[in-house]
1. May I ask for the angle, rounded to the nearest 10°, between helix 352-362 and the longest principal axis of the chain, with both axes built from Cα atoms and the value confined to 0 to 90°?
2. For helix 380-397, what angle does its Cα long axis make with the longest principal axis of the chain, in degrees from 0 to 90 and rounded to 10?
3. Set Lys and Arg Cβ to +1 and Asp and Glu Cβ to -1, take the dipole of the chain about its Cα centre, and tell me which of Leu198, Leu275, Val181 lies farthest positive.
4. Local charge sum around Pro371 (other residues, Cβ-Cβ under 11 Å, Lys/Arg +1, Asp/Glu -1)?
5. Using a cut-off of 11 Å between beta-carbons, work out the net charge of the residues near Ser278 (Lys and Arg +1, Asp and Glu -1, Ser278 not included).
6. Compute the helix-to-body angle for 104-114: its Cα long axis versus the longest principal axis of the chain, expressed 0 to 90° and rounded to tens.
7. For each pair in Lys65/Lys208; Lys286/Lys362; Lys286/Lys373; Lys251/Lys292, compute the distance between the two Cα atoms and list the pairs where it is over 26 Å.
8. Give Lys317/Lys385; Lys14/Lys242; Lys135/Lys336; Lys135/Lys242; Lys71/Lys242; Lys265/Lys306 a once-over and call out the pairs whose C-alpha atoms are over 31 Å from each other.
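What follows draws every value from the coordinates through simple rules; no lab data is involved. Note that the structure is a prediction, hence the values are computed from the model and not measured. A quick note on method: Cβ atoms are made from the backbone with ideal geometry, for glycine too, and the neighbour counts reach across all protein chains shown.
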Amino acid sequence: MTKHIKGNVHWVGKTDWEIRRFHGEEYSTHRGSTYNSYLIKEEKTVLIDTVWMPYAKEFIANLKKEVDLDKVDYIVANHAEIDHSGALGELMKLIPGKPIYCTRAATMSLKGHYHQDWNFQVVKTGDRLDLGNGKELVFIEAPMLHWPDSMFTYMTGENILFSNDAFGQHYANEHLFNDLVDGCELMAEAMKYYANILTPFSHFVREKIAQWSDLNLPLDVIAPSHGVVWRQNPSQIVERYKEWSGDYQEKQATIIYNTMWNGTKAMAENIVAGLKRSLGDEWNVKMFSVSKGDKNDIITEVFKSKLVVAGCPTINKGVLSAMSGILEEIRGLAFKNKKAAAFGAFGWSGEGAKMVEDGLKKAGFEIVAEPMKAMWAPDEESLEKCREFGHRLAQSVK
Ligand code: FEO
């Protein structure tokens with residue numbers, strides 16, 4: 001089913017209600033996702049992006065109901081990742097030779113994925129493509145948002161920014177527009193998407209937003225490649241991206257832990273008690289089991305935090321696998337300007353807490369206290385030390 005966006009622009013994408021894991025198994029999509037493709041029918045007919053490969057045939061069948069494929073003049077590939085380029089293989093079998101407008105880097109990634117020598121038309125920032133009816137497409141390279149090959153495409157006359165991954169959300173919804181969906185759900189998904197996908201590229205985000213402001217182009221609609229289209233106050237998501245890309249923090253302390261026999265869990269609960277007593281109600285103090293919680297949701301909470309306290313018992317002279325896994329993911333996301341400390345219960349060798357601290361250091365966090373350790377099941381004296389530990393950590397961020 002297609003949906004009208006604005007003027008002669010329609011959404012011809014795919015709503016994926018079922019997907020629960022994206023990027024293989026790496027990203028949880030509790031609310032599904034969408035792969036947004038847009039069809040422009042001015043004097044020239046243009047298709048912007050496609051859909052994920054499993055939906056290629058369905059996409060083309062639907063597209064044929066909207067337009068005679070031979071009448072498509074141009075294809076724009078804003079980004080080659082297969083959630084957006086996945087139907088190109090099927091499409092180009094039907095209309096070989098049609099020009100594909102993309103960045104030079106995208107010619108490499110598209111050839112790398114599909115091993116075809118399609119009619120690539122390389123564009124750079126500021127290049128324009130006439131659509132007729134007094135309207136044009138303006139291309140804006142956007143490297144690292146989300147791959148080196150990414151670009152934005154802006155449509156004059158309708159003032160639509162087709163931003164591809166940037167400003168997206170993994171959020172399936174029967175309403176395609178931001179003013180028609182639950183605003184809290186929408187912002188939660190937009191933030192999760194930023195925290196888990198775009199954080200490492202925050203300085204590119206800041207540069208791109210500054211460049212966009214300098215272009216001084218009117219903006220009525222931001223049409224990303226995932227989730228809803230921002231048509232009501234589209235600048236709101238640009239403003240949020242400015243905040244999120246600026247080493248974002250809220251008044252939040254997050255405790256992440258795992259446990260075997262509840263010793264480290266008891267420590268976590270008492271560190272939370274010390275933090276809450278010292279930080280007061282203005283602060284959120286949250287605690288998550290990394291074995292039981294959703295990794296990407298926990299990472300979103302880390303993204304929001306000024307202080308991260310991570311705890312793990314010792315096993316086999318190391319740490320439990322869920323903790324080492326999430327610490328590695330946090331390292332890759334390169335969060336900035338966060339304070340941290342480690343803790344853990346142990347029975348024998350006891351390296352766990354120190355190894356967690358090493359993981360936090362590798363992630364670039366500022367360690368504000370020596371690791372808190374408790375031998376065997378923590379007794380009341382140990383738990384009081386944990387509450388004091390929480391109190392001391394609180395002083396480092398107040
Ligand atoms: Fe939605 Fe980077 O692909």
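1. 40 degrees
2. Roughly 50 degrees between the two axes.
3. The listed residue farthest towards the positive side: Leu275.
4. -2
5. Around Ser278, the charge tally is +4.
6. So the helix axis and the longest Cα principal axis differ by about 90 degrees.
7. From the list (Lys65/Lys208; Lys286/Lys362; Lys286/Lys373; Lys251/Lys292), the Cα-Cα distance tops 26 Å for Lys65/Lys208.
8. As for pairs spanning more than 31 Å Cα to Cα, those are Lys135/Lys336; Lys71/Lys242.
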